[in-house]
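Please read the structure below before turning to the comments.
The values are calculated or read from the model by the stated rules, or taken from the named source; none is laboratory data. Since the model is a prediction, treat every value here as computed from it, not as a measurement. Note: ideal-geometry Cβ built from the backbone for every residue, glycine included; neighbour counts use all protein chains shown.
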Amino acid sequence: MSDQSNSGGLFLGGLLLGAAAGAITGLLLAPKSGRETRALLKQSAEALPELAEDLSATVQIQAERLSDSALRSWDNTLLRLREAIEAGIEASRQAEAVAQPPIAMASPLPVAPANEAKPNAKPNAKTVPPA
């Protein structure tokens, strides 16, 4: 889209420049007297500032359009980048959840107190039978 608007501004600038060059060439090659040619050249010279102003305004408008287009494009790129980063973070979190399933809490095994003897244990010299 920016290529089309930029080429339109270039075309218009070239058209105006070509028209001015054609007018000057036509005046110089026309079979008129020197006085008439000088009068026409004077008129053309007086029109040149207006032509330059029009060309400057056209270039400025095209630059603003290009700038607006570039800003919109940049904003869209940043938005897509943020969305991609968020999607990547979410995918990473999901991959971690799948790779490491939550550990189910098992019921704790009963632990005999240290001073009680185990029921199937054989008494030895270190084990003191309960009284």
### Message
With the structure loaded, tell me whether GLN60 is surrounded by 10 or more Cβ atoms within 10 Å (Cβ to Cβ) and either more than 30 Å from ARG72 (Cα to Cα) or at pLDDT below 80 (or both) or whether it fails that test.
### Response
no
### Message
Could you go through the stretch 70-91 and let me know if any residue there is farther than 30 Å from LEU12 by Cβ and among the basic types (Lys, Arg).
### Response
yes
### Query
Taking the stretch 18-33, which residues are surrounded by 12 or more Cβ atoms within 10 Å (Cβ to Cβ) and either in contact with a strand residue (DSSP E or B) (Cβ under 8 Å, 6 or more places away or on another chain) or modelled with pLDDT of 80 or more (or both)?
ALA20
### Query
Is it fair to say GLU36 is assigned to a helix (DSSP H, G or I), of a type in the set (Asp, Glu) and surrounded by fewer than 10 Cβ atoms within 10 Å (Cβ to Cβ)?
no
